[in-house]
Amino acid sequence: MNALQNMTVEELVQLFSEITAKQGDALRHYKIQQYKKLFAQMMGVANELKSRPGDQRRALMVLYEHPLPKARLMAAHMTLALAYPAARAVIQNIVDRKEWPFAGDAGMTLDNLDSGFYKPT
């Protein structure tokens, strides 16, 4: 993998998409250690986007229409601070469609947002 700093925004979005697809697979097969490693990689990509001028996490919004619910969920998580209504709608849609097991995480996210426990940054 290229160093994240040398990748374009588009390449980072593609990498984020690939990582979240692998995360979903790891979660479905109860591969927790693999999931944790992938989560750290995903956060590295998100942090690289955030560190770029203008906070480029907004580029992840193209994943709101991704066919995999894990990709949509994580893209929405990463963009809540930038596009709250749209990101929240993506999360709500995962709950409404009952896209398990991700609907559980999505529902907890909504509860934590509503209670003020989770404040997106």
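The values are calculated or read from the model by the stated rules, or taken from the named source; none is laboratory data. Every value quoted in this text rests on a predicted model; they were computed, and no experiment measured them. Here the Cβ positions follow ideal geometry from the backbone for every residue, glycine too, while neighbour counts run over all protein chains shown. Each accessible area value is taken on the protein alone, full model and side chains, heavy atoms only, with ligands, DNA and RNA left out. Shrake-Rupley method; radii C 1.70, N 1.55, O 1.52, S 1.80 Å.
Yes/no per residue for (1) part of a loop (DSSP other than H, G, I, E, B); (2) under 22 Å from D55 (Cα atoms); (3) open to solvent by 50 Å² or more (accessible area, probe 1.4 Å):
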position	(1), (2), (3)
L73	no, yes, no
A76	no, yes, no
L82	yes, yes, no
N93	no, no, yes
E99	yes, no, no
D105	no, no, yes
L110	no, no, no
F117	yes, no, yes
Quickly run through region 29-68 and pick out the residues that are assigned to a helix (DSSP H, G or I) and among the charged types (D, E, K, R).
K36, K37, E48, K50, R57, R58, E65
Taking region 16-33 and keeping residues within 17 Å of L73 (Cβ to Cβ) and either at pLDDT 95 or above or surrounded by 15 or more Cβ atoms within 10 Å (Cβ to Cβ) (or both) leaves F16, S17, E18, I19, T20, A21, K22, Q23, G24, D25, A26, L27
Would you check if K36 is under 25 Å from W100 (Cα atoms), free of Cβ contacts under 8 Å to residues at least 24 places away in the same chain and loosely packed, with under 14 Cβ neighbours inside 10 Å?
yes
Test: residue in region 50-58 that is crowded, with 21+ Cβ neighbours inside 10 Å and touching a residue at least 24 places away in the same chain (Cβ under 8 Å)
yes
Selection from region 1-28 of residues that are more than 25 Å from D105 (Cβ to Cβ), polar (S, T, N, Q) and assigned to a helix (DSSP H, G or I)
Q5, N6
